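Take a look at the following structure, please.
Every number here is computed from the coordinates shown, using simple stated rules; none is lab data. The model shown is predicted, which means the values in this text are computed figures rather than measured ones. For neighbour counting, all protein chains shown are included, and Cβ atoms are generated from backbone atoms with ideal geometry for every residue, glycine included.
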Amino acid sequence: MNKKISAAVASAALVLGSTAANAGIIIPAGEWTMDINGNVNVYASYVSADDTAAVAGGLAASKGNSGTEDKTQSINTGLLPAWLGFTGTTRQNDLDVSFTISMQPNVSDNGVAGDSKSNGPLWRQAFLTFGDKSWGTVKMGKDLGIFAGQAILNDMTLLGVGGGASTTSGNSTSLGGIGTGYVYPAWKGQISYTTPNMNGFTATVGITNPNQTGTTGVDTTWQDRFGLEGQLQYAFDAGKVWASGASYEKDNGTYSWDASAVDVGAALNFGNVGVVAYVYSTDGVGTTMFDGYPGGAAGAASVGVSSDGKEREGSGGYVQATYVIPSGTKLGLAYGKSTLDKAGNDGNNSVLDENNRWTVGAYHPLTKHLNLVAEYNKIESTDHNNDENEADSVSLGAILFF
């Protein structure tokens, strides 16, 4: 892979869950080394919807205003929010110690004055680490989830937009391949341990914060214990392979259920060619988030359980191929899908069957840190009654890492 593109991808991985950032603006500060890092990305997106009625739980856009508006536009960030991160590292008492704190401001807003007071910046990272290469590393605090973390970090739309391009509202981002190839790992309070690197092999295990979903009554779910997440990974010269899993117990006061997930993936590079293959399976989870789509209630179309508390099984994955041409531009093609089975008292038109996505992208390194991006995305959503939505989007913009 072209070195400039590799640096951009490495920077994306850096701001999404790095324990010891070292690719930003380095400032010695006494016993500490400070790293200021992040990105600014902005995309103009144009979305065309083919169908009037939305598929319940579907991610394909539908026509608004009683079916008369089939075109929408937005200027917003892509899958990555704009990012400003601070990482400090030091070596004390034979321990490598670090902290990371980051904020994610918005680059656009659809408020009448161009500034919605209710949409402040996000704070997605606040964690510390300590350890040594001889025995491993402990992480404590808020960071990217362990399960499905590699799925999003190896998605080429991390440098672009992917699905969900039609949203312009404060600090929201697009979806990339979330819900059309993998479940969102989310940003979770966690205490985790990662083994030392053993000839390319590492293992991570952790407990995560028991996040609450919804607001009142049946819309509210709790977790009955800490979440459990883990990952096995083997890295070698040509790439890496991994497997991860997660387990939660949930309760809404009326019924309880187990939410679990497993995945396996590989990212390989052969000269200028890159290939990613990823699959996952879930039970009681949903297609987009752990429990469902943002704002979705228990029993809604894309969440992990039916309205009578029966667990829905889900599966999906994505394949991706990229090629770097002599100019340095990385060309990519990806296909992903996420499916959900019916359970309990589900009706055919009340539950999502499948979201799938085709992405064609071009990512050109204009400078060492600045990449120009062009993407085309096609998303199709169907329910178990064979109702269907289709939507196409084109996004043009740039992402700058520092």
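Ranking 375, 249 by Cβ neighbours within 10 Å, fewest first, what do you get? It would help to have the intermediate numbers written out before the result.
Details: 375 26, 249 18.
Ascending number of Cβ neighbours within 10 Å: 249, 375.
Per 0.36 nm of contour for each residue apart, how much would the distance between residue 48 and residue 308 grow if the chain were fully extended, relative to their Cα-Cα spacing? Mind dumping the intermediate values first?
Details: separation 260, 0.36 × 260 = 93.60 nm, distance 3.61 nm.
Length gained between residue 48 and residue 308: 90.0 nm.
Now a separate question. Kindly write out, for segment 177-189 in residue order, the coupling ³J(HN,Hα) from the Karplus curve 6.51 cos²θ - 1.76 cosθ + 1.60 (θ = phi - 60°), rounded to whole Hz, with x marking Gly and Pro.
Once θ is set to phi - 60°, the couplings for segment 177-189 become x, 5, x, 9, x, 7, 8, 4, x, 6, 10, 10, x Hz.
Checking the cross-link filter: which aspartates and glutamates have an alpha carbon closer than 20 Å to that of residue 139, excluding same-chain neighbours under 8 positions apart?
Result set, ordered by chain and number: 35, 94, 96, 229.
Let me ask another. Report ³J(HN,Hα) in whole Hz for each residue of segment 385-402, in order, from the Karplus equation J = 6.51 cos²θ - 1.76 cosθ + 1.60 where θ = phi - 60°; Gly and Pro get x.
9, 6, 5, 9, 10, 10, 8, 10, 9, 10, 10, 10, x, 8, 9, 10, 9, 9
Among 222, 83, 187, rank each residue by its count of other Cβ atoms within 10 Å, from fewest to most, as a rough exposure measure. Mind showing how you got there, number by number?
Working: 222 15, 83 25, 187 20.
In order of increasing Cβ crowding within 10 Å: 222, 187, 83.
So if we plug the beta-carbon distance of residue 134 and residue 207 into 1/(1 + (r/R0)^6) with R0 = 25 Å, what FRET efficiency do we get, rounded to 0.05? Let's see the in-between values first.
On the way: r = 24 Å, r/R0 = 0.96.
For residue 134 and residue 207, the calculated efficiency is 0.55.
Between residue 110 and residues 5 or more places away or on another chain, which pairs have amide H atoms under 5 Å apart, with H built 1.01 Å from N, and which residues are they?
Sorted by chain and number, the residues that satisfy this are 170.
Follow-up question, since we're still on this one. Of 62, 338, 395, how do they rank once you tally other Cβ atoms within 10 Å and put the fewest first?
Working: 62 19, 338 28, 395 24.
Ranked by crowding around the Cβ, least crowded first: 62, 395, 338.
Another question, if that's okay. Show the residues, 5+ positions off or on another chain, whose built amide H is closer than 5 Å to the amide H of residue 249.
Those lying under 5 Å, H to H, from residue 249 are 224, 225, 259.
On a full-extension model of 0.36 nm per residue, what is the gain between residue 272 and residue 386, subtracting their alpha-carbon distance, rounded to one decimal in nm? Don't skip to the answer; put the middle values down first.
Numbers: separation 114, 0.36 × 114 = 41.04 nm, distance 4.03 nm.
Additional length available on full extension: 37.0 nm.
Using a 10 Å cut-off on Cβ atoms, rank the peptides 134-141, 283-290 from the highest mean neighbour count down. Don't jump to the answer; show the numbers that get you there.
Values: 134-141: 15.4, 283-290: 26.4.
Ranked by mean Cβ neighbours within 10 Å, highest first: 283-290, 134-141.
With labels modelled as points extended 7 Å from the Cα through the Cβ direction, what inter-label distance (nm, one decimal) is found for residue 281 paired with residue 258?
A separation of 1.4 nm, rounded to one decimal place.
Applying 1/(1 + (r/R0)^6) with R0 = 25 Å to the Cβ-Cβ distance of residue 321 and residue 73, what FRET efficiency is obtained, to the nearest 0.05?
0.25
Which entries in the list 188/378; 188/310; 250/342; 63/378; 142/310 go over 21 Å, if you measure between the two C-alpha atoms of each?
Working: 188/378 30 Å; 188/310 26 Å; 250/342 19 Å; 63/378 15 Å; 142/310 31 Å.
Beyond 21 Å between Cα atoms: 188/378; 188/310; 142/310.
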